[in-house]
Amino acid sequence: GVATLMTSSLNVGSHALTAEYSGDSGFNSSQGGMTQTINKGNTATTVASNVNPSVVGQGLMFTATVSAAAPAAGTPTGTVQFKVNGVHIGFAVALNGGVASVSTPGLAVGSHTITAEFLGDDNFNPSNGGATHTVDKGNTTTTVASGLNPSKFGQTVTFTASVAAQ
């Protein structure tokens with residue numbers, strides 16, 4: 001005869017398992033054992049921005065999603081460290097339901113590599129994800145004003161140009 005028990009509640013590590021047969025009218029009782037090793041599961045990390053491309057000076061939010069890679073199951077906990085071009089954006093951010101976000105006031109014009117580094121936890125291995133974020137030049141509005149309008153021939157007139165970001 002065969003008896004089966006399925007469980008997903010064992011923690012990472014080695015576990016001694018024992019099965020005991022109590023016997024019946026035709027067979028004596030017996031027991032057997034084994035060691036089951038549970039390893040940390042692998043993860044996959046992705047990162048995205050709330051708007052891409054953005055313009056210079058535009059505030060941004062980067063979001064990392066960390067998920068268990070099959071055959072592992074469950075939701076990773078722990079923290080994610082965000083980086084722009086290899087430089088940390090603040091401190092590591094705690095995952096909430098496998099998701100972590102960080103805000104930044106904006107980046108310089110150009111292409112930037114955004115990285116989210118999951119630092120691992122008790123049950124899952126670390127992983128990294130990356131994306132490219134583009135920051136374009138912002139548009140401007142230019143206005144011109146006269147200090148004296150209308151003016152007369154020969155009068156000194158001051159003109160002021162104002163440039164503003166849109």
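The values are calculated or read from the model by the stated rules, or taken from the named source; none is laboratory data. Note that this is a predicted model, so its numbers are computed, not measured. Reconstructed Cβ throughout: ideal geometry from the backbone, glycine too, with neighbour counts over all protein chains shown. To get the accessible areas, we keep the full protein, side chains included, count just its heavy atoms, and leave off ligands, DNA and RNA. Shrake-Rupley method; radii C 1.70, N 1.55, O 1.52, S 1.80 Å.
Filtered by the rule that a residue be of a type in the set (D, E) and more than 17 Å from A48 (Cα to Cα), region 91-135 gives D121, D122.
Within region 41-65, being within 20 Å of F91 (Cβ to Cβ) and among the hydroxyl-bearing types (S, T, Y) holds for T45, S49, T63, T65.
Going by what's in this entry, would T4 be described as in contact (Cβ under 8 Å) with a residue 40 or more places away in the chain, open to solvent by 50 Å² or more (accessible area, probe 1.4 Å) and not in a strand (DSSP E or B)? The answer is no for T4. Would you please name the residue that is surrounded by the most Cβ atoms within 10 Å (Cβ to Cβ), looking only at residues in region 53-109 that are without any contact (Cβ under 8 Å) to a residue 12 or more places away in the chain and farther than 30 Å from T7 by Cα? So, considering only residues that are without any contact (Cβ under 8 Å) to a residue 12 or more places away in the chain and farther than 30 Å from T7 by Cα, the one surrounded by the most Cβ atoms within 10 Å (Cβ to Cβ) is H88.
Take the conditions in a strand (DSSP E or B) and hydrophobic (A, V, I, L, M, F, W, C) and apply them to V51. Does it pass? Considered against the rule, which asks whether it is in a strand (DSSP E or B) and hydrophobic (A, V, I, L, M, F, W, C), V51 comes out as no.
Need at least 1 residues that are out of contact with any Cys (no Cβ under 7 Å at 6 or more places or on another chain), farther than 30 Å from G86 by Cα and open to solvent by 90 Å² or more (accessible area, probe 1.4 Å) per element, so show me which strands (runs of 3 or more DSSP E) inside region 127-166 make the cut, counting only ones lying wholly within it. Please lay out each step first, then the result.
On the way: elements: 127-136, 140-146, 159-165.
Fully inside region 127-166 and qualifying: 140-146, 159-165.
With the requirement that a residue be of a type in the set (V, I, T) and either assigned to a loop (DSSP other than H, G, I, E, B) or within 16 Å of T46 (Cα to Cα) (or both), what does region 65-107 give you? Within region 65-107, T65, V66, T75, T77, T79, V80, V84, I89, V93, V99, V102 qualify.
Residues of region 25-32 include none that is of a type in the set (S, T, Y) and within 21 Å of the chain's Cα centre (by Cα).
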